[in-house]
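The values are calculated or read from the model by the stated rules, or taken from the named source; none is laboratory data. Everything quoted here is computed from the prediction, not taken from an experiment. Neighbour counts run over all protein chains shown; Cβ positions are idealised from the backbone, glycine included.
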Ligand SMILES: Cc1cc2nc3c(=O)[nH]c(=O)nc-3n(C[C@H](O)[C@H](O)[C@H](O)COP(=O)(O)O)c2cc1C
C-alpha cells in the first residue's frame, strides 16, 4: 500500500517538475538571461525523478513495450469501469496505439514550431503602438513643435546628495597605493564573469570600486568618475555586501561626498537577490552586488523630456567604470539587467518612482 502511495507521489512530483522546468525555461528565455538556477535545479530534479520512475516501473515498462509492439496492450482493467459494464470502443483501444504516437509527434512538432517561430518578444508591424520605449524616444526628440506640446514646468532641483542622517556610517579607505592595468589592457581583458571563488573582497578593493564608479575625482566643483549630463549626478549606488573583510553582510548606501557608506540594513540578502534576478546564481557567489538606482528629478528639472535618456546612459557609464576597475583589480564582474524591479527596489528601500533601480552589477574574487 505504502509503495503505491509513494509511486503516485513520485508520478505527481514528476508532472509538477515537468511543468516547473517548462515554465522556468520560458521565463529565462523571455528575460533573455544566459542561466537561471531555477531552471537548472528543476531540470536536474526532472532527470532524477524520470530515472527513478523508469527504474521503479522497469518490469511493467518492458512488459508493456513488448505487448505494444505485438499490438496487444490494453488499458488496465481498473480503468475501464465497473465489472460487467459494457466497455466503450475507445476504452478497448491499445495505450500505445498509432493515435498515441501521432499525438506525441504532433505535440513535439507544435512545441518546436512555437519555440522557433512564436513572435514572443518580437515587435508587430507598428512598434510605436506597443513599445512605450519607442514612443518615448519619438516624444523626447527636440523640435519646435515639441516645445509647445510639453509641460513648461518640470519641478525644482532636489539635493545632489542623498542623506541617511541616522544610519551608522562606515569610512572607506582613502587614497590607495595601487597600480592596476593600463586602461587598454583592462578594456581588452574585460569580460562578464559569473563564477566567483567566494573569497572575500578587502575593504580597500570595495573602496576603489566605488571611487572608480562614482567617486569624487575633482573636489573643487565637485566632479565625479563618471560623466553626467549637467554634472547633476542622478545615480545612487547601494552595495549589497555578501563577503567583504571588516564589513557585516547587508545593504549599504554609497556617500560620494565623504567617500563612506551608510548602513541601511544588516543581514544576508543573497536569497532575496536570487529571487529578484530570476535565479541568476552569480549573486550567490558574488562578494558584493551593486544596485544602481536613479533619482530622476535630479536630471529632470533641467533636461525635462530628455532626462530619462540621460539617466539610463549615465547608468551605463557607471557600470562600465565598475567593470574596468574590477578587471584591473583581478576581480570578476557581470552586469544584470534582467531583474524584478519591485523586489530590488524593496530590498534597497526605494519607492520605485522618485527613485528606482536601473541596473545591477555583481562582483567577486576569481
Ligand atoms: C544592459 C545589459 C544587461 C545585461 N544583463 C545581463 C543579465 O541579466 N544576466 C547576465 O548573465 N548577463 C547580462 N549582461 C551581460 C551580457 O550577457 C554580456 O555583456 C554579453 O554576453 C557580452 O559578454 P562580455 O560582457 O563578456 O563581453 C548584460 C549586459 C548588459 C550591457
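Tell me which of these residue 349 doesn't satisfy, since it passes every other one: (1) outside any helix (DSSP H, G or I); (2) over 16 Å from residue 206 (Cβ atoms); (3) within 16 Å of the ligand (Cβ to nearest atom).
Only one criterion in (1) outside any helix (DSSP H, G or I); (2) over 16 Å from residue 206 (Cβ atoms); (3) within 16 Å of the ligand (Cβ to nearest atom) is unmet by residue 349, namely (3).
Name, by its number, the condition in (1) surrounded by 22 or more Cβ atoms within 10 Å (Cβ to Cβ); (2) within 16 Å of the ligand (Cβ to nearest atom) that does not hold for residue 209.
(2)
Residue under question is residue 344, and the condition is that it be closer than 16 Å to residue 233 by Cα, touching a helix residue (DSSP H, G or I) at 6+ places or on another chain (Cβ under 7 Å) and either in contact (Cβ under 8 Å) with a residue 40 or more places away in the chain or more than 12 Å from the ligand (Cβ to nearest atom) (or both); does it hold?
For residue 344, the condition - closer than 16 Å to residue 233 by Cα, touching a helix residue (DSSP H, G or I) at 6+ places or on another chain (Cβ under 7 Å) and either in contact (Cβ under 8 Å) with a residue 40 or more places away in the chain or more than 12 Å from the ligand (Cβ to nearest atom) (or both) - is not met.
Conditions tested, residue by residue: (1) more than 27 Å from residue 343 (Cα to Cα); (2) assigned to a helix (DSSP H, G or I).
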site: 197; (1), (2): no, no
site: 206; (1), (2): no, yes
site: 210; (1), (2): no, yes
site: 227; (1), (2): yes, no
site: 237; (1), (2): no, no
site: 240; (1), (2): no, no
site: 251; (1), (2): no, no
site: 263; (1), (2): no, no
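Is one or more of the residues making up region 223-244 over 25 Å from the mean Cα position of the chain (by Cα) and modelled with pLDDT under 95?
No: region 223-244 contains no residue that is over 25 Å from the mean Cα position of the chain (by Cα) and modelled with pLDDT under 95.
Looking at 278, 213, which one is in the same structural domain as residue 337 (by TED's automatic domain parsing) and at pLDDT 95 or above?
Testing whether each residue is in the same structural domain as residue 337 (by TED's automatic domain parsing) and at pLDDT 95 or above leaves just 213.
Can you confirm whether region 322-330 contains a residue that is within 30 Å of residue 156 (Cβ to Cβ) and modelled with pLDDT of 95 or more?
no
For every residue, the table says whether it meets (1) more than 24 Å from residue 101 (Cβ to Cβ); (2) within 26 Å of the chain's Cα centre (by Cα); (3) not in a helix (DSSP H, G or I).
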site	(1), (2), (3)
11	no, no, no
23	yes, yes, no
35	yes, yes, yes
50	no, no, no
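Can you name every residue in region 265-275 that is part of a helix (DSSP H, G or I) and either under 20 Å from residue 210 (Cβ atoms) or in the same structural domain as residue 37 (by TED's automatic domain parsing) (or both)?
273, the sole residue that qualifies.
Specify which of the listed residues (180, 105) is farther than 30 Å from residue 326 by Cβ and either surrounded by 10 or more Cβ atoms within 10 Å (Cβ to Cβ) or at pLDDT 60 or above (or both).
105
Which one of these does residue 198 not meet: (1) more than 16 Å from the ligand (Cβ to nearest atom); (2) surrounded by 14 or more Cβ atoms within 10 Å (Cβ to Cβ); (3) under 25 Å from the mean Cα position of the chain (by Cα); (4) farther than 17 Å from residue 319 by Cα?
For residue 198, the failing item is (2).
So in region 279-331, with the set limited to residues that are crowded, with 21+ Cβ neighbours inside 10 Å and in a loop (DSSP other than H, G, I, E, B), which one is nearest to the ligand (Cβ to nearest atom)?
Checking each candidate, the answer is 280.
Can you tell me which residue is nearest to residue 63 (Cα to Cα) among those in region 84-102 that are modelled with pLDDT under 55 and part of a helix (DSSP H, G or I)?
92
State which residue pairs qualify: first residue touching a residue at least 40 places away in the same chain (Cβ under 8 Å) and inside region 18-33, second residue more than 16 Å from the ligand (Cβ to nearest atom) in any location, beta carbons under 6 Å apart, and separation of 6 or more residues or different chains.
Short answer, once both residue conditions are applied: 24/42.
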